[in-house]
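Reviewing the structure listed below.
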Amino acid sequence: MPNIKSAKKRVLIAQVRNARNKANRSAMKTAIKKFEAAAAEGNRTEAEGAYKAAVKMVDQSVKKGVLHKNNAAHKKSAMTLKLNSIGK
């Protein structure tokens, strides 16, 4: 444990940010998994709803700094291609 006041504060801030990142990442992963499950099932209406939720979570992750914007674009592109292939 640090002795200097500013170092103690940095430890506390790091803990808060770590918890925020974990929560956001797990919520994003859950949303993506729900979309993947609906897409694998072939249910287009369910997949569209899950797609909207997953894209929203990915965008929020970028905003909070959990994901890089190019990584998010790659994820969204892959999900869009998968969504468009359903029902054809």
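The values are calculated or read from the model by the stated rules, or taken from the named source; none is laboratory data. Fair warning: this is a prediction, and the values are worked out from it, not measured in the lab. Every residue, glycine among them, receives a Cβ derived from its backbone with ideal geometry; neighbour counts consider all protein chains shown. Protein only, heavy atoms only, side chains kept; ligands, DNA and RNA dropped before computing areas. Shrake-Rupley method; radii C 1.70, N 1.55, O 1.52, S 1.80 Å.
Computed values, structure above
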quantity: Sequence of 30, 80 when ordered by accessible area, the most exposed leading, probe 1.4 angstrom; calculated: 30, 80
quantity: Dipole magnitude (debye, nearest 20) for the chain, charges at Cβ of Lys, Arg, Asp, Glu; calculated: 680 debye
quantity: Net dipole in debye of the stretch 37-88 [+1 Lys, Arg Cβ; -1 Asp, Glu Cβ; about Cα centre; nearest 20]; calculated: 240 debye
quantity: Value at 222 nm in deg cm²/dmol, rounded to 500, when DSSP H runs of n ≥ 4 in the chain each add -39,500 (n - 2.57); calculated: -30000 deg cm²/dmol
quantity: Sites residue 60 and residue 9 - FRET efficiency at Förster radius 22 Å, r taken between beta-carbons, to 0.05; calculated: 0.25
quantity: Packing rank of 14-23, 69-78, where each peptide gets the mean count of other beta carbons within 10 Å, highest leading; calculated: 69-78, 14-23
quantity: Entries in 8/75; 33/64; 22/82 that, when Cα-Cα distance is taken, lie over 29 Å; calculated: 8/75
quantity: The chain, Cα convex hull volume normalised per residue, Å³; calculated: 81 Å³
quantity: For the chain, with +1 on Lys and Arg beta carbons and -1 on Asp and Glu, the positive-most of 39, 50, 24 along the dipole; calculated: 24
quantity: Accessible-area ranking of 28, 57, 1, largest first, probe 1.4 Å; calculated: 1, 57, 28
quantity: Relative contact order (percent, whole number), the chain, Cα cutoff 8 Å, 6+ residue spacing; calculated: 28 percent
quantity: Pairwise label distance in nanometres, residue 74 with residue 20, each label 7 Å out on the Cα-Cβ vector; calculated: 2.5 nm
quantity: Nearest-0.05 FRET efficiency for residue 37 and residue 85, computed from C-beta distance (R0 22 Å); calculated: 0.90
